[in-house]
1. Please work out if THR45 is within 9 Å of the ligand (Cβ to nearest atom) and either assigned to a helix (DSSP H, G or I) or crowded, with 24+ Cβ neighbours inside 10 Å (or both).
2. Checking the conditions here, which among LEU24, LEU55 is in a helix (DSSP H, G or I) and away from the ligand (no atom under 14 Å from the Cβ)?
3. In segment 64-83, which residues are polar (S, T, N, Q) and more than 9 Å from the ligand (Cβ to nearest atom)?
4. In the set GLY5, GLY11, which member is within 23 Å of ILE117 (Cα to Cα) and near the ligand (Cβ under 9 Å from one of its atoms)?
5. Could you pull out the residue among LEU160, LEU184 that is free of Cβ contacts under 8 Å to residues at least 60 places away in the same chain and either more than 16 Å from the ligand (Cβ to nearest atom) or surrounded by fewer than 17 Cβ atoms within 10 Å (Cβ to Cβ) (or both)?
6. Got at least one residue in segment 63-75 being of a type in the set (D, E, K, R) and surrounded by 20 or more Cβ atoms within 10 Å (Cβ to Cβ)?
7. Just to check your reading of the model, which residue among THR104, THR113, THR93 is of a type in the set (Ser, Thr, Tyr) and within 10 Å of the ligand (Cβ to nearest atom)?
8. Here are ARG189, ARG205, ARG147: which of them is more than 21 Å from GLU103 (Cβ to Cβ) and surrounded by 14 or more Cβ atoms within 10 Å (Cβ to Cβ)?
Amino acid sequence: MDASGIALVTGASRGIGRAVALELARRGFEVVATMRDPAAGGALTAEAAAAGGSLRVARLDVTDPETIVVPDGLRVLVNNAGVEAEHPPFEATPLEVWRTMYETNVFGLVETTRRAIPALRASGGGVVCNVTSSSILVPVPFYGPYRSSKAAVMAIGETLRVELAPFGIRVLEVMPGPIDTDMLAESERPTAAIDHPAYADMARRMFEGRQERTAGLVTPADEAARMIADAILDDDAPLRVGCDPLSIGLLDGWRATSDEEFMRAMMGAWLD
Ligand SMILES: NC(=O)c1ccc[n+]([C@@H]2O[C@H](COP(=O)([O-])OP(=O)(O)OC[C@H]3O[C@@H](n4cnc5c(N)ncnc54)[C@H](OP(=O)(O)O)[C@@H]3O)[C@@H](O)[C@H]2O)c1
């Protein structure tokens, strides 16, 4: 597609969303950078203008339908807003944690997308870009709520890829690996499972292994944003793409092997 018309990004106050909003403005879209607190986007418009781009900030909380206002002329929706939480063992994770996570990562994305589709159709087509996670591809212990919320979006994206194709709306799933953001920084410590004696060894191994596996592979958000913008603009991009070396490698491995084979290889990282 050509870089024209409106691109709306959710969760653009910081991290990947902020970087994608700026990158899409640089490429030529009129960007609506949405966020829960517009004050967090104070410098964004000027930063985009300095790079020759057009960007305005708007309030949008994906869990509050009244704030989900979709502009006419929409051509790209980037469903980026997402949350993580503590990761205790499954048996010690209250239902409330699941519900809160799904409220943003799944239902918020569903409602935003539902409202955006008529505008994308009226524009003659466009792109819905869902930001999930490469952790879907790895059986990470203690990550049930987060991984399953992203896996729900993966399945929703597959369905929409077909359902929206007749309208020229292309659905894209970006599956980041470790990107240098607040969310990654929050996860740079042992999970809450380490406080549960029956699971402490696995939690410790998981933390140490994670440090080893991601060493040297953490990608700056602006680099990831460039790859995300490339995929948005590429009409031949596959449904799923990575946006950093680790996620690209994981996707390649996942595609090259059977589900069982890949799962067995990955489980070796967590078990004795
Ligand atoms: N960083 C990684 O390594 C990584 C890896 C895999 C997947 N991801 C995914 O990438 C996306 C962006 O993550 P990030 O690393 O940039 O995280 P981040 O730095 O924590 O930023 C998360 C963004 O989501 C926004 N948000 C949270 N709840 C929201 C809501 N109800 N309505 C609107 N916005 C909301 C936050 O807004 P506030 O500023 O208001 O809190 C913030 O802008 C997420 O979907 C995440 O799951 C990230």
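Bear in mind these aren't lab numbers, they're just calculated from the coordinates by the rules spelled out. On a predicted model such as this, the values are computed, not experimentally measured, just so you know. Cβ atoms come from the backbone with ideal geometry, glycine included; neighbour counts cover every protein chain shown.
1. Values: within 9 Å of the ligand (Cβ to nearest atom): no; either assigned to a helix (DSSP H, G or I) or crowded, with 24+ Cβ neighbours inside 10 Å (or both): yes.
For THR45, the condition - within 9 Å of the ligand (Cβ to nearest atom) and either assigned to a helix (DSSP H, G or I) or crowded, with 24+ Cβ neighbours inside 10 Å (or both) - is not met.
2. Working: LEU55 fails: in a helix (DSSP H, G or I).
Just one listed residue meets the conditions, LEU24.
3. We begin by selecting, within segment 64-83, every residue polar (S, T, N, Q); these are 67, 79-80.
Hits for segment 64-83: nothing passes.
4. Values: GLY5 fails: near the ligand (Cβ under 9 Å from one of its atoms).
Just one listed residue meets the conditions, GLY11.
5. Being free of Cβ contacts under 8 Å to residues at least 60 places away in the same chain and either more than 16 Å from the ligand (Cβ to nearest atom) or surrounded by fewer than 17 Cβ atoms within 10 Å (Cβ to Cβ) (or both) holds for just one of LEU160, LEU184, which is LEU160.
6. yes
7. It is THR104.
8. Working: ARG189 fails: surrounded by 14 or more Cβ atoms within 10 Å (Cβ to Cβ); ARG147 fails: more than 21 Å from GLU103 (Cβ to Cβ).
Sole residue among the options that is more than 21 Å from GLU103 (Cβ to Cβ) and surrounded by 14 or more Cβ atoms within 10 Å (Cβ to Cβ): ARG205.
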